[in-house]
Amino acid sequence: MEAYLLDFANLLLRWLHVIAAIAWIGESIYFVMLDNGLRSPKADEDKKKGVFGEMWAVHGGGFYHNQKYASAPEKLPEDLHWSFWKSYATWLSGFGLFVLLYMANPSFYLVNPGSDWAWAANLTGWQANVVALLFLLGGWVVYNELCKRISPNMDRDGILSLAVAVMMVVVAYLSTQIFSGRAAFLLTGAVMATAMSANVFFWIIPGQSRMVKAMKAGETPNPLDGKRGKQRSVHNTYFTLPVVLLMISNHYSFAYSHDLAWVIMTLFIFAGALIRQFFVLMHAGQIKPAYPAAGVVLILVAVWVGAPSVSGGNDAKIASAESSSAVSEAATSGADASGKDASVADSGAEAAGHAEQIIIDRCAQCHAENPSHEGFTAAPAGVALETPEQVLRQVSQIKQVVASGYMPLGNVTQMTDEERTEIANWSP
């Protein structure tokens with residue numbers, strides 16, 4: 001019952017998280033589009049009122065006239081719209097999911113027993129949880145300090161962007177060394193998402209509050225508050241596409257189980273930022289196809305880096321050729337060819353059956369209709385591996401995740417290297 005309730009809480013939290021994220025990201029993208037799509041007001045009356053730019057739009061059977069003031073308007077309405085709860089709801093629900101799914105079973109989902117760093121490979125569950133929290137906090141602190149020290153007056157944002165890019169490469173590398181593959185991708189995305197929400201909480205909303213307070217008091221707002229809010233909002237919009245991709249990456253083991261997972265992750269982050277740049281410029285009336293083209297190139301490089309090795313297939317072909325040669329030689333020496341063929345076939349069937357049995361023994365604790373492992377109430381991803389027929393339907397994926405060492409998670413069932421090799425070389 002406890003596992004069932006946890007699963008149901010997972011469902012509800014994930015639902016809330018997705019809805020909040022859609023609302024936040026959608027609104028963020030809309031306002032970036034609006035800000036970049038503004039045109040100088042045509043009416044002299046609007047110019048005299050301090051209108052900086054305007055946009056006419058049609059949607060839902062009606063017409064909209066958006067205007068932006070460069071300075072304080074004559075009067076601010078009491079029902080001024082603020083945008084922040086969607087951001088907070090997204091982060092809080094996402095952190096709740098992380099606690100429920102990863103921190104509740106850290107030795108299974110966070111610890112990377114295959115890490116080259118002994119201290120990381122030997123982390124206990126509670127230690128992994130502490131390191132994960134420090135990783136999130138440290139990511140925000142480093143990013144925030146870069147912004148404050150490199151471009152405090154928003155006049156060196158180009159250099160700041162390069163520094164943040166380098167920071168994300170480092171974050172991607174560290175995450176894959178410290179945490180298990182799937183958790184590494186998630187935590188890298190969480191570092192960016194934390195920075196996005198913290199930008200809203202610590203800088204954008206407080207700055208806007210000070211501006212509104214000054215306007216209502218008849219004072220001139222500090223222009224740095226507006227510039228800083230714009231700076232952090234721009235950063236948030238470039239983080240958006242990479243964060244979404246990293247958050248859905250746990251469904252694709254070819255990426256997070258690769259030896260160069262941090263490279264694949266970095267390529268996706270930069271590709272997402274480049275593609276987002278195209279749309280940002282497009283809203284401002286500039287069509288720059290080089291940006292999405294560069295993004296596609298980076299994705300293709302990621303495809304190349306993540307492609308599975310063909311050595312296993314070549315080894316299998318060599319082994320097959322050697323077996324055929326042995327059969328041929330036996331036939332030439334007068335052996336009963338039909339008997340030899342039958343013996344080889346029986347041997348192959350026995351090897352296949354052994355590989356299937358290894359998978360059933362080591363994987364079916366979780367991958368079952370009614371898992372015996374306490375952390376699951378149903379087969380993960382709907383994949384059951386309790387019978388040879390079920391195993392055969394998932395052969396290619398099983399060989400990939402087992403050979404990479406990602407599965408079983410945390411090697412909780414103690415699969416040996418010899419068993420991994422046997423599965424990798426198995427040709428059903």
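General observations
- Pair list, Cβ under 8 Å, 6 or more apart: segment 69-90 residue more than 30 Å from Leu12 (Cβ to Cβ), other residue part of a helix (DSSP H, G or I) and β-branched (Val, Ile, Thr): Leu76/Val212; Leu80/Val212
- Of residues in segment 244-255 being at pLDDT 85 or above and open to solvent by 20 Å² or more (accessible area, probe 1.4 Å), the one nearest to Phe84 (Cα to Cα): Val244
- Checking each residue of segment 178-190 against the condition of being out of contact with any Phe, Trp or Tyr (no Cβ under 8 Å at 6 or more places or on another chain) and free of Cβ contacts under 8 Å to residues at least 24 places away in the same chain gives no match.
- Residues located in segment 155-186, provided they are in a loop (DSSP other than H, G, I, E, B), open to solvent by 30 Å² or more (accessible area, probe 1.4 Å) and not acidic (Asp, Glu): Arg156
- Which listed residue, of Gln277, Gln286, Gln208, is more than 15 Å from the chain's Cα centre (by Cα), open to solvent by less than 60 Å² (accessible area, probe 1.4 Å) and polar (S, T, N, Q): Gln277
- Within segment 33-54, considering residues that are part of a helix (DSSP H, G or I) and of a type outside the set (A, V, I, L, M, F, W, C), the one most open to solvent (accessible area, probe 1.4 Å): Lys48
- For segment 74-105, residues that are of a type outside the set (Lys, Arg), loosely packed, with under 14 Cβ neighbours inside 10 Å and in a loop (DSSP other than H, G, I, E, B) total 8.
- Identity of the residue in segment 1-32, of a type in the set (Phe, Trp, Tyr) and either touching a residue at least 40 places away in the same chain (Cβ under 8 Å) or crowded, with 17+ Cβ neighbours inside 10 Å (or both), that ends up nearest to Met192 (Cα to Cα): Trp24
- Considering (1) farther than 30 Å from Gly229 by Cα; (2) more than 20 Å from the chain's Cα centre (by Cα); (3) not charged (D, E, K, R), the lone condition that Leu76 does not fulfil carries the number (1).
- Residue match in segment 55-63 (condition: under 25 Å from the mean Cα position of the chain (by Cα) and either surrounded by 18 or more Cβ atoms within 10 Å (Cβ to Cβ) or not in a helix (DSSP H, G or I) (or both)): no
- Any hit, segment 373-380, residues being surrounded by 13 or more Cβ atoms within 10 Å (Cβ to Cβ), of a type in the set (Gly, Ala, Ser), at pLDDT below 80 and in a helix (DSSP H, G or I): no
- Tally, over segment 179-205, of residues that are more than 16 Å from the chain's Cα centre (by Cα) and under 22 Å from Met103 (Cα atoms): 2
The values are calculated or read from the model by the stated rules, or taken from the named source; none is laboratory data. Treat the numbers as computed from the prediction; the structure is a model and nothing was measured. Every residue, glycine among them, receives a Cβ derived from its backbone with ideal geometry; neighbour counts consider all protein chains shown. The accessibility values were calculated without ligands, DNA or RNA, using every heavy atom of the protein model including side chains. Shrake-Rupley method; radii C 1.70, N 1.55, O 1.52, S 1.80 Å.
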